[in-house]
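S.K.: My structure is below; once you've seen it, I'll send some questions.
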Amino acid sequence: MFNARSFPILIAIGGSILALLFIMFPPAFEPEGPFVFNIELIGLVALMLLYAGLLEQLGFVLATGLFLCAGFLVLGERRPVRIGLVTVALTAGFYFLMAALEIHLPQGAWTGSWEGGVMERF
Amino acid sequence: MIDGILLGLTTVLTLYNLTLVLVGCAVGTIIGMLPGLGPISAIALMIPITYGFEPSSGMILLAGVYYGAIFGGSTSSILINAPGVAGTVATAFDGYAMAGQLGQPGRALATAAYASFAGGTLAALLLLLTAPFLADISLSFQSADYFLMMVLGLSLVSAFASEGEHLKALIMTFLGLALSTVGTDLTAGVQRFTFGRMDLIDGISFLLLAMGTFALSEALMMVLRRNKSEKAPTIPTSGLRLSKSDVNAIVPTITRSSILGFFVGVLPGAGATIASFLSYGFEKSLARDPTPKFGQGNIKGLAAPEAANNAACTGSFVPLLTLGIPGSGTTAILLGALIAYGIQPGPRLIVDEPQVFWSVIVSMYLGNLFLLALNLPLIPYLARLLLMPRSILIPLIMFFSMMGVYLVSFNTFDLYLIVLVAVSALVLRVLGFPMAPLLLGFILGGMLEDNLRRALTVSDGNWTFLIDRPITIVLLGIIILTLLSPVIRRLVSVATSR
């Protein structure tokens, strides 16, 4: 009888066979490299997680502004004018574009606004 | 068919839809030109914008983005030898040589523009002739045939994978299939692999997976590859023109490559990469004493892969529009978009949604035309984008990927999930696992299960449906041959080397 369980089980069987084949006959492999595992990568991943956590708390404008500035800084951009210009242009541009399309971005929990953000889903 | 073309024309030739073609081509070119971002990322980034659109308008825009992204990718291959996708690797051989060593970036870009235009247009003509015919045949297909055809599509992807990657491609396909089972099972109404979380009840969105495995993980890859020296682009200053002798030299090449490219593109799994390499090799073997040599800036060596690449992309629409089975990562995303618009892809598409079917085809002609008209004068300016430092580019890609996902669900859970997907994809890519099979498996997973269930129901739970009709036996045979082809090839090469 085919039920909700059947297909996942078939995939599991097929996947296990492939994994076994992979262990038994590991393909020759040369990494495309050279890859440098670096602090920038960790910084960017941490930054994305922070952005995910703070987007609805701080609101779109604040969170995005901070996220972009920090991202540029982590990657070694040091010219303040360039950082400021790109950040402001992108954040404001995206905000007004979405406003024009009547898509509500999170305003931030601290503004007490009910638009966007966590409250909208209730 | 004339009715269909007229219907397509009346749909596309409104100011609104024409603007969408134009916008799609322009945005696609810009995104595709950025190093690392190919058509898959470009389409994924644009999908959230199209959610409110009519299905035909949405598809028109996305098709424009697709062509634009391919063209943009060729531009960055030619100017900085950084092919964004595998499909334009062959373009870089002679294109970069012509732009760099010979110092003719304008001539190289013009060749690429005309070759892709001709390739795309010729292939669109072939599509017009073959697609309705194929769709007609496929109307008689049953669930068992569909099931086997999807399995065939998935196996072909691994068979066409590069040497040593067959098993990896298959494993990624299975991972994609497994991910597609997350969420509520629609027949039984049971939750699967949701870990009791509300956020996973609807499953993982294909958009999230596409952005995570392509755009976002590509941005992280750029961070890993940081000490690869960045090349300064040779930006053309003069207009993009071709001399008469150039045109005469490439016309036969383009014609051959377009036809070859189209038919390779129709095969699921083969696609643009194989088409471009095949036609490059073909032209190389045809030419006697070429000057300059292939690989050193030969104009035919540039025109051939460009024409084939574009023709193959058009060809890959054939299985998508007629069977509802995507043959490549890019068409898999387009299929995902179709489903998101509430359209059931498959052979009935041409009957039920003729507007979508025909407007996509008509928009291909217009898209190619617009690309040529738009890009020939603008490329010298657009190419300045290649000067954008990675310290600016990477955060921008991160922002657009995350916002694209957030704007669909307004759920921050998806933001955490895309970071997880991107980091996992990064690890897998470093280990040499290809990502396109994952997407293909993910998109086909649901339909595969559905058709398997129906086939099994019809045959009372009996697996003999696989061998009880000639068509299924043939398909099954091809699948087995496909899956064994790497092994057979290995055995043959061992036997001949002795």
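S.K.: With labels modelled as points extended 7 Å from the Cα through the Cβ direction, what inter-label distance (nm, one decimal) is found for B:GLN296 paired with B:VAL492?
M.R.: 3.4
S.K.: Could you work out the helix-only [θ] at 222 nm for chain A, with each DSSP H run of four or more residues adding -39,500 (n - 2.57) and the total divided by the number of residues, to the nearest 500 deg cm²/dmol?
M.R.: -21000 deg cm²/dmol
S.K.: Two decimals, Cα atoms only, Kirkwood Rh: what is Rg/Rh over segment B:404-498?
M.R.: Ratio of gyration radius to Kirkwood radius for segment B:404-498: 1.15.
S.K.: Spelling out what I want: for every residue of segment B:138-152, take phi, set θ = phi - 60°, compute 6.51 cos²θ - 1.76 cosθ + 1.60 (Karplus), and round to whole Hz; glycine and proline get x.
M.R.: Going residue by residue, I get 6, 4, 8, 6, 9, 3, 4, 5, 4, 4, 5, 5, 5, 4, 4 Hz, with x marking Gly and Pro.
S.K.: Another one. Give, ordered by residue number, each residue of segment B:151-190 whose 1.4 Å probe accessible area is reduced by a minimum of 20 Å² on adding the remaining protein chains to the chain alone.
M.R.: Flagged in segment B:151-190: B:GLY164, B:LEU167, B:LYS168, B:ILE171, B:PHE174, B:LEU177, B:THR181.
S.K.: Considering the Cα trace of chain B, what is its radius of gyration and what is Dmax, both in angstroms?
M.R.: Cα only, chain B: 22.1, 70 Å (Rg, Dmax).
S.K.: Of all the C-alpha pairs in the protein assembly as shown, what % are more than 38 Å from each other?
M.R.: When every Cα pair of the protein assembly as shown is considered, 31 percent fall beyond 38 Å.
S.K.: Given H placed on each backbone N at 1.01 Å, which residues far from B:ARG192 in sequence or on other chains put an amide H within less than 5 Å of it?
M.R.: B:GLY183, B:THR184, B:ASP185
S.K.: Grab the DSSP H runs of chain B that are 4 residues or longer, score each as -39,500 (n - 2.57), total them, divide by all residues and round the 222 nm result to the nearest 500 deg cm²/dmol.
M.R.: Calculated from helices alone, the mean residue ellipticity at 222 nm is -24000 deg cm²/dmol.
S.K.: Oh, and also: So how far apart, in nm, are the two label points at B:ILE339 and B:PHE282 if each is 7 Å from Cα heading toward Cβ?
M.R.: The answer from the label model is 3.4 nm.
S.K.: So what's the angle, to the nearest 10 degrees on a 0 to 90 scale, between helix B:329-340 and the longest Cα principal axis of chain B?
M.R.: 50
S.K.: Another question, then. Heavy atoms only, 1.4 Å probe, whole protein assembly: order B:THR121, B:THR19, B:THR482 by accessible area, highest first.
M.R.: Result, largest first: B:THR19, B:THR121, B:THR482.
S.K.: Which aspartates and glutamates, on any chain, are close to B:LYS293 with Cα under 19 Å apart, when same-chain ones fewer than 8 places away are left out?
M.R.: Straight-distance partners of B:LYS293: B:ASP94, B:ASP246, B:GLU283, B:GLU306.
S.K.: Summarise the accessible area of chain B (1.4 Å probe, protein heavy atoms) by the percent that is carbon and sulfur.
M.R.: About 67 percent, which is the carbon plus sulfur part of the accessible surface.
S.K.: If one takes the longest principal axis of the Cα atoms in chain B, at what angle in degrees, from 0 to 90 and to the nearest 10, does the Cα axis of helix B:55-80 lie?
M.R.: In chain B, helix B:55-80 runs at an angle near 40 degrees to the longest axis.
S.K.: Now for a different question. For segment B:167-220, what log10 I(q)/I(0) values come out of the Debye formula at q = 0.14, 0.24, 0.25 1/Å, with one point per alpha carbon and no solvent?
M.R.: -0.46, -0.97, -1.00
S.K.: Something else now. Helix B:39-50 sits at what angle to the longest principal axis of chain B, using alpha carbons and giving 0 to 90 degrees rounded to 10?
M.R.: 70
S.K.: Once R0 is set to 41 Å, what does the formula 1/(1 + (r/R0)^6) return for the Cβ-Cβ distance between B:LEU387 and B:GLN142, expressed as a FRET efficiency to the nearest 0.05?
M.R.: E(calc), rounded to 0.05, equals 0.15.
S.K.: Along the Cα→Cβ direction, 7 angstrom out, place labels at A:GLU30 and A:LEU97. What is the inter-label distance in nm?
M.R.: Calculated label separation equals 4.1 nm.
S.K.: How would A:VAL45, B:VAL362 line up by accessible area, probe 1.4 Å, largest first?
M.R.: Putting A:VAL45, B:VAL362 in descending order of accessible area: A:VAL45, B:VAL362.
S.K.: Something else: Counting only protein chains, not ligands or nucleic acids, how are B:TRP358, A:TRP110 ordered by accessible area (probe 1.4 Å), most first?
M.R.: The ordering from most to least exposed comes out as A:TRP110, B:TRP358.
S.K.: Please report, in whole Å, how far the alpha carbons of chain A spread along each principal axis, starting with the longest.
M.R.: Its Cα atoms span 56, 47, 24 Å along the three principal axes.
S.K.: Taking the dipole about the Cα centre of chain B, with the C-beta of Lys and Arg at +1 and of Asp and Glu at -1, give me whichever of B:ILE299, B:ILE488, B:LEU417 is farthest to the positive side.
M.R.: B:ILE299
S.K.: Rolling a 1.4 angstrom probe over the protein heavy atoms, how many square angstrom per residue are accessible across segment B:293-334?
M.R.: 13
S.K.: Quote the FRET efficiency, to the nearest 0.05, computed for B:GLU54 versus B:THR194 with a Förster distance R0 of 41 Å and r equal to the Cβ-Cβ distance.
M.R.: For R0 = 41 Å, the calculated efficiency reads 0.80.
S.K.: Any idea of the total accessible area buried by the A-B contact, 1.4 Å probe, rounded to 100 Å²?
M.R.: 4800
S.K.: Here's something else I'd like to know. Which is the longest part of chain B that has none of the GluC sites (Glu not before Pro) sitting in a DSSP loop with at most 15 other Cβ atoms within 10 Å?
M.R.: Counting only loop sites that pass the neighbour cut-off, the longest clear stretch is B:231-498.
S.K.: Could you work out the equivalent-ellipsoid semi-axes for segment B:403-450, taking the square root of 5 times each eigenvalue of the Cα gyration tensor, largest first, in whole Å?
M.R.: 21, 19, 7
The values are calculated or read from the model by the stated rules, or taken from the named source; none is laboratory data. In this text the structure is predicted, and so the values were computed from the model without any measurement. Here the Cβ is made from the backbone with ideal geometry for all residues, glycine too, and neighbour counts use every protein chain on show. Ligands, DNA and RNA are stripped out before the accessible areas are found, and what is left, the full protein with its side chains, is counted by its heavy atoms. Shrake-Rupley method; radii C 1.70, N 1.55, O 1.52, S 1.80 Å.
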